[in-house]
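To start, the structure under review is shown below, and the notes come after it.
The values are calculated or read from the model by the stated rules, or taken from the named source; none is laboratory data. Here the structure is a predicted model, which is why all the values come from computation and not from measurement. Please note: Cβ atoms are built from the backbone with ideal geometry, for glycine as well, and neighbour counts cover all protein chains shown.
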Amino acid sequence: MKRIVILIVLGLPFVVNAQYNQEVGLLFGASTYQGDLTPNNNRISTGPLHQALGIFYRKSISSKLGFKVMANYGTLSGDDADSKIEYLQARNLSFRSRLFELGANLEWNLLGDDSRIQPYLYAGASTFYFKPETVYNGQIIELQPLGTEGQGLEGRPNKYRLLSFAIPVGGGLRFKISEHINLGVDVGIRTTFTDYIDDVSTTYVNFTDLAAGNGQLAANVSYRGDEVPGIQDDPRIIETGEKRGNSQAQDIYWVGGLTISYIIPSKTFHGSPKLRKDFGCPAGQ
């Protein structure tokens, strides 16, 4: 996956040329995630929506094919308190993570650059940074350094990386409101290569072993049923190997929203009779 991202980025100077439209723009929207801490992890379900911001550069390769590089910032979160499933409510885990994404997409413009209304589809590759945190005793705690699933202990995996890769797939609609301004909407799903955006993936390590190996705090936040009124499960009853998350499904996140972009003047755009007629420009200019 890393090689794909590198090849796309390195190939940008070769596919970008001076023959077609270019635009730079901003995205104002929302981000959310799907994983082990969404309300129902047995079917499509997402966490809360959070504000997201992005910037992008797009270059046409042909009338219907474009190349876009993007950078997005957002937030992802989930909470067992919102679950509809009783055993997940008893687990009582929660997380929040900042999201930094850098990616590149190939974009198919269904009607072509000469159309004022431009529906499009895209797919590509991205890399993203995340850092799951939770609130414990009123303090914000970083989860990855703790090893809440026994990461680093004998027979357990190493700590997961906070930098991972994803495959963005999505679509949108652009509308030319003037010769040089596009307004639009863009929505995309990211299938990731990590199951730890929420710090939950595999199985528990029993409280005593986890506390001895990774510290008391790791054991305290690994299972938090003892903090739920009416449940009060003792975390010491959890045995090593009991299911904590669904490791068969990688985490997913979404980024989408409204876009505004500036179309950089180019010979092709100014020479397009259809667009020049649409915006009332003299045919010879």
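Details
- Residues in region 168-210 that are surrounded by fewer than 19 Cβ atoms within 10 Å (Cβ to Cβ), modelled with pLDDT of 95 or more and among the small types (Gly, Ala, Ser): Gly171 alone.
- Within region 56-76, the set of residues being surrounded by 21 or more Cβ atoms within 10 Å (Cβ to Cβ) and small (Gly, Ala, Ser) comprises Ser60, Gly66, Gly74.
- Candidates Glu154, Glu142, filtered to the one that is of a type outside the set (Phe, Trp, Tyr), more than 24 Å from Gln34 (Cβ to Cβ) and exposed (fewer than 14 other Cβ atoms within 10 Å of the Cβ): Glu154
- Tally of residues being of a type in the set (Lys, Arg) and either free of Cβ contacts under 8 Å to residues at least 12 places away in the same chain or closer than 30 Å to Ile61 by Cα (or both) across region 95-149: 1
- Here Pro13 clears all of (1) modelled with pLDDT of 50 or more; (2) of a type outside the set (Phe, Trp, Tyr); (3) out of contact with any strand residue (DSSP E or B) (no Cβ under 8 Å at 6 or more places or on another chain) except the condition numbered (1).
- Region 133-177, subset of a type in the set (A, V, I, L, M) and either part of a loop (DSSP other than H, G, I, E, B) or in contact with a Cys (Cβ under 8 Å, 6 or more places away or on another chain) (or both), residue nearest to Asn105 (Cα to Cα): Leu162
- Answer residue from region 109-132, given it is in a strand (DSSP E or B) and surrounded by fewer than 16 Cβ atoms within 10 Å (Cβ to Cβ) and is modelled with the lowest pLDDT among those: Ile117
- Scanning region 228-255 for residues that are assigned to a helix (DSSP H, G or I), in contact (Cβ under 8 Å) with a residue 24 or more places away in the chain and either of a type in the set (A, V, I, L, M, F, W, C) or surrounded by 15 or more Cβ atoms within 10 Å (Cβ to Cβ) (or both) yields a count of 1.
- When Arg161 is tested against (1) in contact (Cβ under 8 Å) with a residue 24 or more places away in the chain; (2) in contact with a strand residue (DSSP E or B) (Cβ under 8 Å, 6 or more places away or on another chain), exactly one condition is not met: (2).
- In region 250-268 there is at least one residue matching the filter, namely being of a type in the set (Gly, Ala, Ser) and modelled with pLDDT under 95.
- Considering region 78-88, the residues that are buried (at least 17 other Cβ atoms within 10 Å of the Cβ) and of a type outside the set (Asp, Glu) include one that is farthest from Asp233 (Cα to Cα), namely Gly78.
- Applying the criterion of being aliphatic (A, V, I, L, M) and either over 19 Å from the mean Cα position of the chain (by Cα) or farther than 17 Å from Asp195 by Cβ (or both) to the residues of region 223-249, the residue that is modelled with the highest pLDDT is Ile238.
- Considering only residues in region 69-108 that are outside any strand (DSSP E or B) and either aliphatic (A, V, I, L, M) or under 11 Å from the mean Cα position of the chain (by Cα) (or both), the one that is nearest to Gly257 (Cα to Cα) turns out to be Ala81.
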